[in-house]
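Right, one structure below, let's go through it.
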Amino acid sequence: MAISRILHINSHEHSSSSHLQVAINYILKDEKTMNGLLTGSVNCIKEEAYENMKATKKLFGKTDKRQGYHLIISFEENECDENTAMKVIQEFVNEYLESDYEAVYAVHNNTSHIHGHIIWNSVRFTDGYKYHYKKGDWERDIQSRVDRICEKYGLNKLEVQKDKEEIKNNKEWDQLKDGPFVWNEQIKKDIDANIIRAYDFESFIVGLENQGYQIKYGKYLAIKPPEMKKFRRLKTLGEGYSEEEIKVRITKEDLKSYRRSEIIGAPRINSFKSGKIRKRKLTGLQKEYFKMMYQLGKIKKRPYSQAWKYKRDVKRFEYLQRQYLYLSHYDINKAEEIPKVQSEIRNKIGVLNKAKDVITEEMEKHFEVFNAVDVIENEKNAYMFYKQEMKHLGNQLRLSKQQNKY
């Protein structure tokens, strides 16, 4: 069962888009994504996603207020592997965002339950309109879409409705088993401490995760500290601890306003995590490239490794990694599928060349006042985006041609 949760990325008082940059850097962390293997992007270059999104905002003069959106899709423990989760995330992105928005996505496998992150620009690169999230969109358009894609890959749907008597019985059982009065005080202390450290709700959640908390996203946000059997909804902790109240407290509370005694006396919830080795289920060409990468990658794990002695192997590893990312990005399982992907890339290059002609023509019209007219600066940004995308697609096409050598 996959549960989705959408969060807003708002502007910062000193740098309007800094929160967006922090969020993108977080979801693309190597230690959470198998050194970047479980990441991807649409309509932008992954490594330059923040700059691409910022350029789009500047192009249409919409650099303030809401900067982006962050969707988290969580799967139940042992429900699926990384490969299946990646397919679900990629398919959702292609359906929901690819036509209009720049987006980056990732699957994190560093916790007991696999979960995916998707971040997209608040401004459409096609026409400059802003994304609008209205009440009811989650259940009607986002979660329903996630459910449909999950069913396609043999995963369970989210049960939106639940029998009231069952909910009552579960609540009573949780209270007897977990001791709410013992746990609640400890959880509230951790929440209080993270509120005063956080600069927004995103960093608050990250702070809890760093302490070993698990987060469950749905209609109501729920958290579970280490060793506790069941998740607890934030709103059940009392006044001041609902999701909306916490967001307000983050904007008002800091170290100066907080009572020091409450932090000093806070009991800590410690956790111990045993290492787990997850097996990826790969097929065809992806499996062969992953195997070669793994074998060559061992040189980075040798203690006191003298990497300069393995320069050729390092270059070989990096080359194979790029090839593997190419295969994974386009979901290529057989060599026969490569020509089709090459054709798609060439079509995209053709579209970009047409866009280049339009941009060049407009730039020539304004050439005499190039340094004086603000609109030319916007057109220059669009041209830079074209060059970046052309370079990216050119590399992709070159990689596809090299597949036949192996």
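Computed from the coordinates by the stated procedures, all read-outs in this text should not be read as laboratory data. Note that the structure is a prediction, hence the values are computed from the model and not measured. Note that each Cβ is placed from the backbone with ideal geometry, even for glycine, and that neighbours are counted across all protein chains shown.
Descriptive notes on the structure:
- At q = 0.10, 0.18, 0.20, 0.24 Å⁻¹, base-10 log of I(q)/I(0) for the stretch 52-147 (Debye sum, equal scatterers on each alpha carbon): -0.30, -0.86, -0.99, -1.23
- Potential lengthening between LYS252 and MET384 on full extension [0.36 nm per residue; Cα-Cα distance subtracted]: 43.5 nm
- Peptide ranges 126-133, 383-390 listed from the most packed, as the mean C-beta count within 10 angstrom indicates: 383-390, 126-133
- Interchain or long-range residues, amide H under 5 Å from ASN10's placed H: GLN67
- Set LYS216/LYS340; LYS62/LYS219; LYS62/LYS235; LYS58/LYS134 screened for pairs whose C-alpha atoms are more than 28 Å apart: LYS216/LYS340; LYS62/LYS219; LYS62/LYS235
- What you get for the stretch 92-143, charging only the Cβ of Lys and Arg (+1) and of Asp and Glu (-1), is a dipole of about 220 debye around the Cα centre.
- Phi to ³J(HN,Hα) by Karplus 6.51 cos²θ - 1.76 cosθ + 1.60 over the stretch 33-49, Hz, x for Gly, Pro: 10, 6, 6, x, 5, 9, 9, x, 7, 9, 6, 7, 8, 3, 5, 10, 4
- Basic side chains Lys and Arg get +1 at the Cβ, acidic Asp and Glu get -1 at the Cβ, and with that the dipole of the stretch 2-152 about its Cα centre reaches some 700 debye.
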